[in-house]
Each structure stands twice: as C-alpha cells, then as structure tokens.
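See structure below.
The values are calculated or read from the model by the stated rules, or taken from the named source; none is laboratory data. This structure is a prediction, so every number in the text was calculated from the model and none was measured. We place every Cβ from the backbone using ideal geometry, glycine too, and count neighbours over all the protein chains shown. Note: accessible area is taken over every heavy atom of the protein model, side chains too, but ligands, DNA and RNA are not part of it. Shrake-Rupley method; radii C 1.70, N 1.55, O 1.52, S 1.80 Å.
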Amino acid sequence: MSQPRNPIIVALDVPNLASALTLVDQLAPAVGAFKVGKELFVATGPDIVRRIRDTGASVFLDLKFHDIPNTVAKAIEAAVQLDVQMLTIHTSGGLAMMQAAQKAAVDAALRTGKSQPLVLGVTVLTSLNTNDLDAVGVPHDVGNQVERLASLAVKAGLGGLVCSPLEITRLREILPHHVQLVTPGIRPADSKADDQKRTLTPKEAMTAGANWLVIGRPICAAPNPRAAAEAILASL
Ligand code: C5P
C-alpha cells in the first residue's frame with residue numbers, strides 16, 4: 001500500500017461483527033483503513049474482513065504471524081485471497097521467514113489479481129522491557145534490539161514496520177526512506193492516555209516520520225466517533 005492520503009487506521013478492538021460494522025459504517029469515509037486484530041478475528045472469522053472490504057474500506061489484518069517460513073507464507077497467501085491491504089508478522093521469526101512472507105505476498109497477489117498487501121514487521125512488543133528480553137535470552141537493551149530487528153526486516157524486503165511513537169525518529173535515521181512506519185500509542189492532546197504510557201499526538205507522530213497512525217479508543221470510545229476522526233484528520 002502506498003503512502004496514504006488519510007493516515008488514520010482505526011483499531012476495531014470490539015468483540016463482535018455487529019459492533020465492528022457499526023463503527024465501519026460511521027467511520028469509513030473519514031479514515032484510511034480499519035485494523036482487525038486477534039480478538040475480532042477469532043470471534044468473527046474471515047467474514048469480518050469480507051464485510052469491511054465490501055464497503056470499499058481498506059483492512060489491516062493484525063494477526064502478528066510468527067511460525068516457520070512455509071506456514072507464514074501459506075497464511076499470507078490466505079490473507080491475500082481475503083484482499084487485505086496490510087498485515088503483520090513478527091520479525092523475530094527470522095530472515096528466512098520474513099523473506100518467505102514477502103515473497104508470498106508478491107506471488108499470491110500476482111497469481112490472484114488481488115492487491116499486494118504491505119507486510120509489516122513487528123519488532124519488540126512494547127509490553128517488554130530490557131529485563132523481559134534478558135529473561136528470554138536476549139541480552140540487549142530494547143532500543144538496540146528494535147534497531148537490529150528493523151534492519152533485518154528491511155534486508156528481508158519488508159515494506160514497513162510497526163513501531164512505538166518513541167522509536168519513529170531513530171528508525172527514520174537508520175532505515176531507507178521507502179519503509180513505511182505504522183504507529184500506535186497515539187493520543188490527541190485532549191484525550192485520555194488510557195493504558196498507553198508513551199504517547200505522541202497525531203501531528204507529532206506524523207512530523208517525526210510516521211506514515212500511518214493506529215488509533216483505537218480516542219475514536220471508537222468518543223461520543224461521536226466520526227467527529228473525533230475528522231478532528232484528528234484536521235489536526236494533521
Ligand atoms: O485504543 P488505543 O488507541 O490505545 O489502541 C491502540 C491499538 O494499537 C490497539 O489495537 C493495540 O493493541 C495496538 N497496539 C498498541 N501498542 C503496540 C502494538 C499495538 O497499542 N505496541
């Protein structure tokens with residue numbers, strides 16, 4: 001997926017099809033894409049992706065695949081059949097896995113005539129700190145490990161990365177310009193932080209070099225989600 005005109009990706013963190021489709025109907029004209037994560041996908045199955053695609057809206061399938069290369073490649077072929085525009089894999093799956101993932105995205109799109117999804121690498125989950133990495137046998141601080149995995153993702157040919165707001169500036173310094181950065185942890189100045197600890201405003205994140213902003217509660221839990229999304233867009 002190329003650089004967006006509307007960089008807002010709404011995280012559909014809701015438990016069922018009806019709630020998700022209500023948000024999609026309200027928000028589709030005002031946002032760039034919808035993120036379907038594990039909760040919604042496991043609850044509704046692939047039907048949720050088809051229903052969103054039927055409205056013409058783009059889908060970011062955030063299932064964070066992490067498995068052997070062949071299994072991840074097959075999952076990506078299935079995601080291409082569903083016609084998703086972006087999806088995630090764990091970079092810690094290794095170079096061969098990421099290469100297989102990217103190849104599957106390109107080949108399946110060519111074979112089926114569907115769009116080629118942007119394959120995004122997830123580096124170190126923001127729920128992990130340096131002590132947590134040490135406990136699983138990774139003796140590096142989080143920042144260094146993020147940079148190492150990000151560089152490996154680029155070497156494998158991935159077109160983008162998911163990163164925290166505080167990683168954007170550093171990753172922009174070390175990564176080629178074409179790599180797209182997708183950033184959650186976004187809070188408009190007048191929004192509650194909820195459980196997010198390190199946030200940037202939408203404008204700050206875009207200025208730092210993000211291409212896409214993943215935003216959930218500030219839009220979905222607002223009294224008027226459409227107005228909240230439009231206000232964020234106007235703030236950019
Ligand atoms: O409601 P909120 O804007 O905090 O939602 C952010 C979305 O981004 C959620 O779907 C969350 O799971 C996801 N996310 C995150 N931080 C990460 C990775 C993903 O908040 N490091």
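Observations
- Choice from 78, 135, 208 with maximal GNM fluctuation in the chain (Cα, 10 Å cutoff): 135
- Under 11 Å, Cβ to Cβ, from residue 198 - net charge with Lys/Arg +1 and Asp/Glu -1: +1
- Accessible surface of region 89-159, 1.4 Å probe: 52 percent of it comes from carbon and sulfur atoms.
- Here the contact order of region 48-91, divided by its residue count and restricted to Cα pairs under 8 Å and six or more residues apart, works out to 52 percent.
- Per residue, the chain exposes an accessible area of 46 Å² to a 1.4 Å probe, with every protein chain left in place.
- Rounded to whole Å, the principal axis extents of the Cα atoms in the chain read 45, 41, 32, largest first.
- Shown here: region 45-125, whose C-alpha atoms stretch 35, 29, 18 Å along the first, second and third principal axes, sorted largest to smallest.
- Above-threshold pairs, the threshold being 32 Å between Cα atoms, out of 114/197; 103/192; 35/203; 114/192; 38/203; 38/197: 114/197; 103/192; 114/192
- Potential extension, residue 112-residue 53 segment - 0.36 nm per residue separation minus Cα distance: 19.6 nm
- In this rough spin-label picture, where each label sits 7 Å from Cα along the Cβ direction, the residue 174-residue 78 distance is 3.4 nm.
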